[in-house]
Amino acid sequence: MARSVHDANEPFSATETGAGKPLVPGLYIVATPIGNLEDITLRALRVLRSVERIACEDTRQTQKLLSHFGIHTPTVSCHAHNERQRAEELIAELRGGSRIAMVSDAGMPGVSDPGAHLVAQAVAAGIPVIPVPGASAVISALAVSGLNTGSFLFVGFPPPRTGERRSFFETLRSERATLIFYEAPHRVLESLRDAIEVFGPGRQAVLAREITKLHEEFLRGTLKELEASCASRDSLRGEMTLLLAGADPAQPAATNAAEGSTLRQAMAVYLAQGLDEQAALKRVARDRGVSKSEVYREWQREQGRRK
């Protein structure tokens, strides 16, 4: 039988919305507000009231949300350090027909938050996993960024150490989709500086801070402009989402500018991207796998021949 399509001019019935219907057994992955409590959905509230238990990234944080809405469902911790152990216990309950919700401190569990392992175990056990969508820093930041929204790549948190972070950025340098990162406030300035080294100072970017909260802010401009703005502040606080425009196909290939080219050609690529001479020499040296001093001496000889 063909499924009927709901008439947009008619209100949804209680049956269509699920209101008044008991929840089926299974694991409910529930998105919670990323700042503003008004962003909780009616469905999320109904699920959190109806399940037998709520698995939480931090029970103390979740209790604030539950208390605000008068929800008294028992909670249990399920965080990065105990998720694998806790998953065994929760899967056993789910096999017995329980209804359990999983929440993180903010946003959708499993996306740069605990929950992915529990979901994988539930899927492997044949247990229904039901998404309850809601607030998302990734989608919210992308939607208002002014960058390309037709194609994007969310890559979570960059590595915390500079060397690993730059290598990570290098793998994304030619990506044409909009790039989306999470970053901690105490590392965002270092990440911006490493991004300048890899993507170039002129790459368009957006830094979204404290989305949906009282001090919500969106910094837009080139990477160099964002770095200067952040460097001028005494401190940076709050949740950070960094978005970078994808590589411009009209620009010279971003990967290994030195490969198959003369030193002058390689330098021209990086200088055209807005890097100063020292930064460009450093990039060419990294591309060629040699020391900066070696490239510098060659560059000096090249400059001398031109005089």
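The values are calculated or read from the model by the stated rules, or taken from the named source; none is laboratory data. Bear in mind the structure is a predicted one, so any value in this text is a computation, not a measurement. Reconstructed Cβ throughout: ideal geometry from the backbone, glycine too, with neighbour counts over all protein chains shown.
Residues in the range 31-58 that are farther than 13 Å from F69 by Cα and either assigned to a loop (DSSP other than H, G, I, E, B) or not assigned by TED's automatic domain parsing to the domain that holds P131 (or both) were compared, and the one that is nearest to the chain's Cα centre (by Cα) is I34. Of E197, E210, which residue is over 17 Å from A279 (Cβ atoms) and of a type in the set (D, E)? Going through E197, E210 in turn, just one is over 17 Å from A279 (Cβ atoms) and of a type in the set (D, E): E210. Could you tell me whether the range 116-124 includes any residue that is in the same structural domain as Y28 (by TED's automatic domain parsing), in contact with an Asp or Glu (Cβ under 7 Å, 6 or more places away or on another chain) and of a type in the set (V, I, T)? No - not one qualifying residue is present in the range 116-124.
Pick out the one residue from A31, A44, A55 that is in contact with a Cys (Cβ under 6 Å, 6 or more places away or on another chain), modelled with pLDDT of 95 or more and not charged (D, E, K, R).
A55
Scanning the range 72-100 for residues that are in contact (Cβ under 8 Å) with a residue 60 or more places away in the chain and within 15 Å of I54 (Cβ to Cβ) yields L90, L94, S98, R99, I100. Scanning for something over 21 Å from S136 (Cβ atoms), aliphatic (A, V, I, L, M) and in contact (Cβ under 8 Å) with a residue 24 or more places away in the chain, does the range 173-185 turn up at least one residue? The answer is no; no qualifying residue exists. State all residues of the range 72-94 that are surrounded by fewer than 17 Cβ atoms within 10 Å (Cβ to Cβ), among the small types (G, A, S) and part of a helix (DSSP H, G or I); if no residue qualifies, say none. Result: A92, single match. Within the range 122-152, the set of residues being over 30 Å from S98 (Cβ atoms) and assigned to a loop (DSSP other than H, G, I, E, B) comprises V144, S145, G146, L147, N148, T149, G150, S151.
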